[in-house]
Amino acid sequence: KLMTEADVVARLRSGMTIGIGGWGSRRKPMSLVRALLRSDVTDLTVISYGGPDVGLLLASGKVRHLIYGFVSLDSIPLEPHFRAARERGEVRFTEYDEGMLQWGLRAAANRLPFLPTRAGLASDVLRSNPDLRLVRSPYGGEEFVAMPALRLDVALVHMNRADAAGNAQYLGIDPYFDDLFCQAADQAFVSAERIVPTSELLAGGPPQSLLIQRWHTVGVVAAPHGAHFTSCEPDYGRDEAFQREYAQAAGNPEEWSAFVARYLSSDEQSYQQTVGATA
């Protein structure tokens, strides 16, 4: 299953629904996002607990419909490209409660059309999403939001370690929902800081850290520093200086053009070596 970023993007097509793992500016599959930015793939529906992955794809004009629980850079509360795109109304936006987004992925992972949830009740989520429906329990009559399944064509996630068979492990304190993204997708691709023997995965952390099993994935990419500039604890933290530069450039067209040219100019191996030398 070993692949490169370019191999993964060669499997993608315009118009697909793509789920991107991670959380805000944490453990995002940024090397895969960069490869996608270099491609001619467009007209995407993107589902994400968003961070710079969403911002970069919006800024590049590759998104037709964004489905999200939030879009944040964590230490910078609101992703600047997302804010600008939202204000301009230039793509379709669907905003769900964070728990609802998880429930939509879980429904898709279980091949169900929807799952009932209390998340979203008595909130503006229902007003903002008039297509949502309520469902009444046959066991007592309580009403719930019927959260529709968020079925994905492709999932892109980044993990700390993986083996060549497609098993993957997180070593930080939070799994996020990367396993649900993979299970909700027809095809899932995982990038990892290191590709290691399976025996090293088994010895490298508690059993629950083996978040993604080989039957979840169709491709594995060796991507040291592949989450940069987001964090990938405990391997490295967020590159706050780089993130500030990213956010500052977003407000100036000339600075942004120069930033993007530099960000996308190198191949992945050169980029990873440069980042590794300065980390």
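The values are calculated or read from the model by the stated rules, or taken from the named source; none is laboratory data. Note that the structure is predicted; figures quoted are calculated from it, not measured. Don't worry about glycine lacking a Cβ; one is built from the backbone with ideal geometry, like all the others, and counts go over all protein chains shown. Ligands, DNA and RNA are excluded from the accessible area calculation, which covers all protein heavy atoms including side chains. Shrake-Rupley method; radii C 1.70, N 1.55, O 1.52, S 1.80 Å.
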Suppose we keep only residues that are modelled with pLDDT of 95 or more and assigned to a loop (DSSP other than H, G, I, E, B) within region 92-117. Which one would you say is least open to solvent (accessible area, probe 1.4 Å)? Y96
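For region 228-241, give me each residue that is assigned to a loop (DSSP other than H, G, I, E, B) and more than 13 Å from S75 (Cβ to Cβ).
H228, E233, P234, D235
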Within region 168-179, can you find the residues that are of a type outside the set (S, T, Y) and open to solvent by 10 Å² or more (accessible area, probe 1.4 Å)? L171, G172, I173, D174, P175, F177, D179
Output for region 28-58, where each listed residue is of a type in the set (A, V, I, L, M), over 15 Å from F93 (Cβ atoms) and in a helix (DSSP H, G or I): M30, L32, V33, A35, L36, L37, L56
Got a number for residues in region 11-29 being open to solvent by less than 10 Å² (accessible area, probe 1.4 Å) and under 8 Å from the mean Cα position of the chain (by Cα)? 6
For region 35-91, how many residues are under 20 Å from N252 (Cβ atoms), aliphatic (A, V, I, L, M) and either touching a Pro at 6+ places or on another chain (Cβ under 8 Å) or open to solvent by 20 Å² or more (accessible area, probe 1.4 Å) (or both)? 6
A165 fails exactly one of the following numbered conditions: (1) open to solvent by 20 Å² or more (accessible area, probe 1.4 Å); (2) touching a residue at least 60 places away in the same chain (Cβ under 8 Å); (3) of a type in the set (A, V, I, L, M, F, W, C); (4) touching a strand residue (DSSP E or B) at 6+ places or on another chain (Cβ under 6 Å). What is the number of that condition? (4)
Output the residues belonging to region 119-135 that are of a type outside the set (A, V, I, L, M, F, W, C), part of a loop (DSSP other than H, G, I, E, B) and surrounded by fewer than 12 Cβ atoms within 10 Å (Cβ to Cβ). P130, D131
Identify, by number, the condition in (1) of a type in the set (F, W, Y); (2) within 14 Å of the chain's Cα centre (by Cα); (3) not in a helix (DSSP H, G or I) that F144 doesn't meet. (2)
Applying the selection to region 149-162, what residues are under 15 Å from the mean Cα position of the chain (by Cα), assigned to a loop (DSSP other than H, G, I, E, B) and surrounded by fewer than 23 Cβ atoms within 10 Å (Cβ to Cβ)? R151
With the condition kept exactly as written, say whether any residue in region 17-27 is assigned to a strand (DSSP E or B), over 21 Å from L150 (Cα atoms) and in contact with a Lys or Arg (Cβ under 8 Å, 6 or more places away or on another chain). yes
Selection within region 225-241 - touching a strand residue (DSSP E or B) at 6+ places or on another chain (Cβ under 7 Å), surrounded by fewer than 20 Cβ atoms within 10 Å (Cβ to Cβ) and not charged (D, E, K, R): G237
Taking interchain pairs and intrachain pairs at least six residues apart, which have beta carbon atoms under 9 angstrom, with the first residue in region 170-182 and closer than 22 Å to N110 by Cβ and of a type in the set (A, V, I, L, M) and the second open to solvent by less than 40 Å² (accessible area, probe 1.4 Å) and in a loop (DSSP other than H, G, I, E, B)? L180/G21
Do you know which of the residues in region 261-278 that are open to solvent by less than 80 Å² (accessible area, probe 1.4 Å) and free of Cβ contacts under 8 Å to residues at least 24 places away in the same chain is farthest from S39 (Cα to Cα)? S270
Please work out if A192 is of a type in the set (G, A, S), in contact with a Lys or Arg (Cβ under 7 Å, 6 or more places away or on another chain), surrounded by fewer than 17 Cβ atoms within 10 Å (Cβ to Cβ) and touching a residue at least 12 places away in the same chain (Cβ under 8 Å). no
For G69, work out the one condition from (1) assigned to a helix (DSSP H, G or I); (2) within 16 Å of the chain's Cα centre (by Cα) it doesn't fulfil. (1)
Would you call R244 within 21 Å of the chain's Cα centre (by Cα), assigned to a helix (DSSP H, G or I) and surrounded by fewer than 19 Cβ atoms within 10 Å (Cβ to Cβ)? yes
